[in-house]
Amino acid sequence: MKPTDDLKEEHDAVKLMLRILDGICMDIDSGKKVDYGHLENIVEFMKVFVDKCHHTKEEAHLFPAMEKAGISVAVKLIPSLLQEHEEGREHVRKINEAVSGKMDSEALSTIVRNSRDYTQLLIRHIDKEDRYLFPVADARLKPETQENMLESFELVEAEKIGTGKHEEFHRMLRELEKIYVKP
């Protein structure tokens, strides 16, 4: 397994979360009652799985390794990817704030607006990484660099989210998928 394979698998989980989030937004828009516990679970996923785990793997390990290797595509692309990480964090902060507060129509509107903006941002972001950044990393990073990176990724998972939490998030996504993702 390559480090980018691990990141792509995480992208698949993120894309599922985005589909769930879209289903939640559609329910909110149609006036259906939404389980706020589900919203809290999604916010935790965004903060822990997406940011603390996935983005840390990229920001602390993949991006520096690519810059160190002098990979020109990476040097050009990484600043915009980092900016998108920050934009995503801001959307999550606003969603979290709305979920944590009084769930009135203004809060629901904030959740929907920021969820949709976050979704659009991440869809473009994931596409850039999958189509442009990861193939170059696979081709240009030395095998020993990739091996060391995989070990670092395991440490990130253990230290940033804790043993078993990754699997717990995947179970939660599968449960929410049954509720919010329309076939």
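The values are calculated or read from the model by the stated rules, or taken from the named source; none is laboratory data. Only a predicted model underlies this, so the values are computations on that prediction, with no experimental measurement involved. Neighbour counts are summed over all protein chains in view; Cβ atoms, including those assigned to glycine, are modelled from backbone coordinates with ideal geometry.
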Legend entry - Number of the condition not met by Leu141 [criteria: (1) exposed (fewer than 12 other Cβ atoms within 10 Å of the Cβ); (2) of a type outside the set (Asp, Glu); (3) farther than 21 Å from Val48 by Cα]: (1)
Legend entry - Answer from Lys47, Lys76 - the residue that is modelled with pLDDT under 95 and either assigned to a helix (DSSP H, G or I) or buried (at least 20 other Cβ atoms within 10 Å of the Cβ) (or both): Lys76
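This table checks each residue for (1) of a type in the set (A, V, I, L, M, F, W, C); (2) in contact with a Phe, Trp or Tyr (Cβ under 8 Å, 6 or more places away or on another chain).
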{"residue": "Thr4", "(1), (2)": "no, yes"}
{"residue": "Gly23", "(1), (2)": "no, yes"}
{"residue": "Lys47", "(1), (2)": "no, no"}
{"residue": "His55", "(1), (2)": "no, no"}
{"residue": "Ile78", "(1), (2)": "yes, yes"}
{"residue": "His91", "(1), (2)": "no, yes"}
{"residue": "Gly101", "(1), (2)": "no, no"}
{"residue": "Leu108", "(1), (2)": "yes, no"}
Legend entry - Residues that are farther than 16 Å from Ala158 by Cα, charged (D, E, K, R) and under 17 Å from the mean Cα position of the chain (by Cα), drawn from segment 1-46: Asp5, Lys8, Glu9, Asp12, Lys15, Arg19, Asp22, Glu40, Glu44
Inset, instruction - Search segment 50-73 for residues being β-branched (Val, Ile, Thr) and at pLDDT below 95, and hand back the single one that is farthest from the chain's Cα centre (by Cα). - result: Ile71
Legend entry - Conditions (1) crowded, with 17+ Cβ neighbours inside 10 Å; (2) in contact (Cβ under 8 Å) with a residue 24 or more places away in the chain: number failed by Tyr36: (1)
Legend entry - Val92 being surrounded by 11 or more Cβ atoms within 10 Å (Cβ to Cβ) and in contact (Cβ under 8 Å) with a residue 12 or more places away in the chain: yes
Inset, instruction - Mind checking which helices (runs of 4 or more DSSP H) fall wholly inside segment 102-170 and carry at least 1 residues that are at pLDDT below 95, under 29 Å from Ala74 (Cβ atoms) and touching a Lys or Arg at 6+ places or on another chain (Cβ under 7 Å)? - result: 143-156
Inset, instruction - Exactly one condition in (1) within 30 Å of Lys33 (Cα to Cα); (2) outside any helix (DSSP H, G or I) is not met by His91; state its number. - result: (2)
